[in-house]
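Chemist: Below are the structure tokens for one structure; questions will follow.
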Amino acid sequence: MQPWDFIVINDKETKQKIKHGFEQANSVSEKMFTDDKQQSYQKLKLEGILEAPIGICVTCDRERNGPVVLGKTIKAEMDLYSAVCAVQNLWLAARAENLGVGWVSIIEDEKLRDALNIPEKIEIIAYLCVGYVTHFKDKPELESAGWLPRRSVDNAIHYNKWTPEVN
């Protein structure tokens with residue numbers, strides 16, 4: 001199906017527009033949390049838009065290949081999932097090359113559309129910051145910061161039927 005496209009961003013002015021979009025969305029997001037969570041939120045590193053050598057915006061053209069596409073006849077959203085799998089594959093390949101990847105999810109699609117000239121009919125899947133890192137952490141940053149605990153594997157795996165979570 002290959003519904004995805006990758007826009008590679010290395011232009012500083014374009015990155016600055018994207019960073020500004022992040023800052024606006026981040027300000028809105030921060031206010032959604034209680035006072036104690038806001039203080040924790042402010043300490044988190046949630047993007048590396050200007051620091052990363054490149055940004056990659058991954059998109060999905062839901063009209064690619066026509067109105068009837070093998071794999072989308074019953075679950076129309078499979079093209080979106082396919083594009084997300086492309087992100088995961090990129091992430092795994094980058095990690096194998098000792099590159100860090102960060103997914104910037106705190107930005108309005110319209111800011112990315114404006115900065116990157118993305119047509120309205122194209123879905124925006126991800127904005128990724130890619131670059132070399134000094135080291136990889138043992139735990140995800142949000143877990144280390146105490147934002148959310150890691151969910152037990154026992155709660156994520158079900159056998160033969162759905163079962164409720166065990167605390």
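Chemist: Using a cut-off of 9 Å between beta-carbons, work out the net charge of the residues near Cys129 (Lys and Arg +1, Asp and Glu -1, Cys129 not included).
Modeler: Working: positive: none; negative: Glu47, Glu51.
Here the charged neighbours net out to -2.
Chemist: If I require 15 Å or longer along the helix axis, counting alpha carbons, and a Kyte-Doolittle average no lower than -0.5, what helices from the chain are left? Use full DSSP H segments.
Modeler: Details: long enough: 12-30 (26 Å, -1.54); 78-96 (27 Å, 0.80).
Qualifying helices, which must be both long enough and hydrophobic enough, are 78-96.
Chemist: Please give the per residue accessible area of the chain, computed with a probe of 1.4 Å over protein heavy atoms only, in Å².
Modeler: Here the residues of the chain average 69 Å² of exposed surface.
Chemist: Ranked from highest to lowest mean number of other Cβ atoms within 10 Å per residue, what is the order of the peptides 114-127, 22-35?
Modeler: In descending order of packing, they fall as 114-127, 22-35.
Chemist: Let me ask you something else. Is the shape of segment 32-121 rounded, prolate or oblate, going by the alpha carbon gyration tensor and its root eigenvalues a ≥ b ≥ c, with a/c under 1.5 for rounded and a/b larger than b/c for prolate?
Modeler: prolate
Chemist: Carbon and sulfur atoms: what percent of the 1.4 Å accessible area of segment 9-126 do they account for?
Modeler: 53 percent
Chemist: Hey, what number do you get for the chain at 222 nm if only DSSP H runs of n ≥ 4 count, each worth -39500 (n - 2.57), divided across all residues, to the nearest 500? Could you put the intermediate results ahead of the total?
Modeler: Numbers: 6 runs with 63 residues, N = 167.
Result for the chain: -11500 deg cm²/dmol, rounded to the nearest 500.
Chemist: Springs between alpha-carbon atoms under 10 Å, Gaussian network over the chain: tell me which of Leu80, Leu46, Leu70 tops the mean-square fluctuations.
Modeler: Comparing Leu80, Leu46, Leu70 in the GNM, the peak value goes to Leu70.
The values are calculated or read from the model by the stated rules, or taken from the named source; none is laboratory data. Because the structure is predicted, anything quoted here is derived from the model rather than measured. Ideal geometry is used to build each Cβ from the backbone, glycine not excepted, and the neighbour counts take in all protein chains shown. Please note that ligands, DNA and RNA were not included when accessible areas were found on the heavy atoms of the full protein model with its side chains. Shrake-Rupley method; radii C 1.70, N 1.55, O 1.52, S 1.80 Å.
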